[in-house]
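All remarks here apply to the structure that follows.
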Amino acid sequence: MKKVLLALALCVSFSGMAQLVNVTSIERVGIPESSANKVAAISPQGDYILVTTDYNCGLTKVDLATGATQVITRAQGAGHDAHISSDGTTVVYREKSTKNRLQMTAVKSKNLETGAEQQLVKPTHDLQGVAIDGNTAVAIDKGKIAKKSIGEGKAQVTAPVLSTRNFKLYITRDGRTTEFMPAGDHRYIWASMSPDATKALFYCSGNGAWVCNVDGSNLVSLGKLQAPKWMTNDMVVGMKTTDNGEVYTSGEIVVADLNGNEQVLTGDDVVAMYPLPATGKIVFSTPTGEAYIINLK
């Protein structure tokens, strides 16, 4: 697979910023050519990515070592919040359909080694969230938890699950779902649990990104860090963008810790958006359908 190194400007932190990570290089990744393509997920080991369209249609696996591609699914909605199991063998995705003019969403999985497919949640109008906990795929549907094993062993959920409905945030613990809005009455999006399942990360439209404990205490602002994702239990990666009302005019990938320190990882050479972290890597997309890997030491 052809990889094109960007200019050094992309790898240099801006002056005055904290040094939170060490960037060794930034490489352009060869993905199926289309101005509508974007990266939907990266495997935990960082050996492959999943590519979808701007409308989240379908998923295609791209091997980062060889460039080989494999179509996982052509389902509508599959690229929205797609998940990969911790061992990298299974993809969990959504499949949208229409019934009696209502938009329905099913949750399915596909084993990349065997090709076996499984329906985890039948089509529903009230899907709130999807997650993976160990060997278990989890879905929150109408406030109720559905779980199925995607590997060997019994399905079990040990970590809290965050979900949203009508821009309200909910948390499911011990099979019970309750409203969870620690930052007040805002529109909640981009919610996820920390790797150790002790903290919640979310974004409030017009109010920025926040982190708090699972009981809602110790609320910490991360500023206008959009599309935030956990890198570690104490570090988050996100994006900061500007637009002119029609198109994005700038975008940079930013790492932040919970003490208010930030490090910008990209420069103005590219409009960098929607970062997704993995072991030693961060992948991001551009509005023109390109994908890049930030390699970390």
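Answer yes or no: is there a residue in the stretch 132-145 that is over 26 Å from LEU59 (Cα atoms), modelled with pLDDT of 95 or more and part of a strand (DSSP E or B). Within the stretch 132-145 (the criterion being over 26 Å from LEU59 (Cα atoms), modelled with pLDDT of 95 or more and part of a strand (DSSP E or B)), the answer is no, since none of the residues qualifies. Pairing residues of the stretch 187-205 that are farther than 21 Å from THR158 by Cα and without any contact (Cβ under 8 Å) to a residue 60 or more places away in the chain with residues that are of a type in the set (D, E, K, R) and part of a strand (DSSP E or B), at Cβ distances under 7 Å and at least 6 apart in sequence or on separate chains, gives TYR188/LYS168. Filtering the stretch 111-131 to residues that are outside any loop (DSSP other than H, G, I, E, B) and either at positive phi or crowded, with 19+ Cβ neighbours inside 10 Å (or both) leaves LEU120, VAL121, LEU127, GLN128, GLY129, VAL130, ALA131. Among residues of the stretch 9-26 being at pLDDT 50 or above and of a type outside the set (Gly, Ala, Ser), the one that is farthest from LYS281 (Cα to Cα) is MET17.
The values are calculated or read from the model by the stated rules, or taken from the named source; none is laboratory data. Predicted model, so just to flag it, every value in this text is computed and none were measured. For neighbour counting, all protein chains shown are included, and Cβ atoms are generated from backbone atoms with ideal geometry for every residue, glycine included.
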